[in-house]
Each structure stands twice: as C-alpha cells, then as structure tokens.
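Reviewing the structure listed below.
The values are calculated or read from the model by the stated rules, or taken from the named source; none is laboratory data. Bear in mind the structure is a predicted one, so any value in this text is a computation, not a measurement. All Cβ positions, even for glycine, are placed from backbone atoms using ideal geometry, and neighbour counts span all protein chains on display. Calculation scope for accessible area: heavy atoms of the full protein, side chains included, ligands and nucleic acids excluded. Shrake-Rupley method; radii C 1.70, N 1.55, O 1.52, S 1.80 Å.
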Amino acid sequence: MPCIIRSGYDADFDEVRLIRYSHDSFRGHRPDGRAYHALNPSVFFFEHATYVDALFTCVEVFFGGLDADDEPRLYHETCEWYRRYGISAREMPASLDDFGDYFTHALATELDPVPGLDWYRDQLLRPDYWLFQQLPTRAVRAMQHPVAAQMLGITVSATDRRALARFAGRLRTMDAVRPRRNIHPDDLADKVLAARRSVQTIAARP
C-alpha cells in the first residue's frame, strides 16, 4: 500500500515500475472459464478504480469531502496517477460522473468474489497491517462499500457508523493541529502538504 500511495505523488521512482511489473505473472481463469491477466487494461483499470473510490470515500469520511469544483479536479489527478503505470487508458472514463457509472456497472457485472474473498476476508474485516490496524473493528465495518458488505455477509449497524464517526472526528482534530501525523508514508508529508496548500490557494481565488 505505501508504494501505491507514493505512485500517486511521484512519477519517477522505482516503485511505479515495481507495481507495473509485479502484475506480469498474475493470470488465470475466472469461475466461468474466461481467462484473465492482471495487465489487461480492463482488469488493471478496475483495480485502480477501487483505489479511486476508496480515496473519495476517505476524503468524505475523514476530511468532510470536497466542493463541486474540487471533486472533478481530484478525479483528473487520479487519471494522471493511472497513466504513470504505462497501461492503456482506453477503459478510463473521461469524467467523474462517467467514472461513477463505470464503477457501479463494473461492480454489478464484473466483480467476482470467488476465490479472492475467502483469501482476504479476515484482512477486510480486521486489518492487521500498517495504518489500517488502528481502525476500530466497528469503524472498519462501517467503511465497507455496500457491495463489499453484501459479499461479506455483514449488516452495518448504527453502532458501527457511530464508531466510524468518532474515529473520523479524532482524525480531523489531529489534522487541524498536527497534519503530518495523518500523512502516510511519512516521507510524502511535504508533497501532500504542498498539494493541500495549492488546492486552498485555488479555492480562495475570487
């Protein structure tokens, strides 16, 4: 995960290539018999799309969301992020609205939980790695995408949502006082803070 986050901020470093070429050997057949390869643009872009959706969710939940001008700007930045991998962008929607339609359709028609869900179920519901292990279990449940929650067989409760709201509130308070504490990996702090200042400058223009 740290190297994926770095790839969003830096186009010229070894981990961008590591992400790209580590997918070379991921291939096989889906339960319906169709062959797949991780570097097929339709497969690779869907993987990227899950990070885009997660990014927008985190901004909404933990930082109060973006305004109408900043949302499409962020989406176009995620498009630049994807292009760094050197994979065909033919699957990439041109706008945020089109991306929403694409992602909803892909989840309904292409996402197959077999066999990956059994492999990653424990990590999805109780992460034990990196920053995510700090999340309370109920907050993790509340953050699941509705499609993921359905596949995992969980019903998000009001108690789960309150746990997430409390945790998000603590992060927002920390961000107001010590923003570097919320930036991971640590070595990206200067770039992240510079990007925030740029957005704030644009937003302040008449």
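Around the Cα centre of the chain, unit charges on the Cβ atoms of Lys, Arg, Asp and Glu (plus for the first two, minus for the last two) sum to a dipole of about 740 debye.
Taking amide H atoms as placed 1.01 Å from N in the peptide plane, the amide H of Phe26 lies under 5 Å from those of Ala38, each 5 or more residues away in sequence or on another chain. Working from label points 7 Å from Cα in the Cα-to-Cβ sense, the Asp175 to Ile154 distance is 2.2 nm. For the pair segment 54-90 and segment 34-49, the centres of their Cα atoms are 19 angstrom apart.
Basic side chains Lys and Arg get +1 at the Cβ, acidic Asp and Glu get -1 at the Cβ, and with that the dipole of segment 55-108 about its Cα centre reaches some 360 debye. Ranking Val114, Val52, His76 by Cα position along the charge dipole of segment 44-138, where only Lys, Arg, Asp and Glu carry charges on their C-beta atoms, puts Val114 farthest toward the positive end. For segment 133-187, the relative contact order is 34 percent, taking Cα pairs closer than 8 Å that sit 6 or more residues apart in sequence and dividing their mean separation by the residue count. Around Asp112, with a cut-off of 11 angstrom between Cβ atoms, what is the net charge of the other residues, counting Lys and Arg +1 and Asp and Glu -1? Computed value for this residue: 0. Each Cα pair under 8 Å and six or more residues apart adds its sequence gap; the mean of these over the residue count of the chain is a relative contact order of 19 percent. Within the shell of other residues whose beta carbon sits under 13 angstrom from the beta carbon of Asp186, the net charge comes to +3, with Lys and Arg scored +1 and Asp and Glu -1. Taking all C-alpha pairs of segment 1-113, those more than 18 Å from each other amount to 54 percent. Between Gln123 and His145, the C-beta separation translates, for a Förster distance of 22 Å, into a calculated FRET efficiency of about 0.90. For the chain, the Kirkwood hydrodynamic radius comes to 18.8 Å, computed from all pairs of different C-alpha atoms. Packing around the peptides 52-61, 174-183, taken as the average count of other Cβ atoms within 10 Å per residue, puts them in this order, highest first: 52-61, 174-183.
Using the membrane-span-like helix rule (whole DSSP H runs, Cα extent along the own axis of at least 24 Å, mean Kyte-Doolittle hydropathy at least -0.5), which helices of the chain qualify? Helices meeting the criterion: 41-63, 158-177.
Relative contact order of segment 11-69: 16 percent, from C-alpha pairs under 8 Å at least 6 residues apart in sequence.
Given their separation in residues at 0.36 nm each and the Cα-Cα distance between them, Val114 and Arg166 gain 15.3 nm when the chain is fully extended. Here the calculated FRET efficiency for Lys191 and Arg20, from their Cβ-Cβ distance with R0 = 25 Å, stands at 0.75, rounded to the nearest 0.05.
The residues of the chain expose, per residue, 62 Å² of accessible area to a 1.4 Å probe. In this rough spin-label picture, where each label sits 7 Å from Cα along the Cβ direction, the Val59-Phe132 distance is 2.1 nm.
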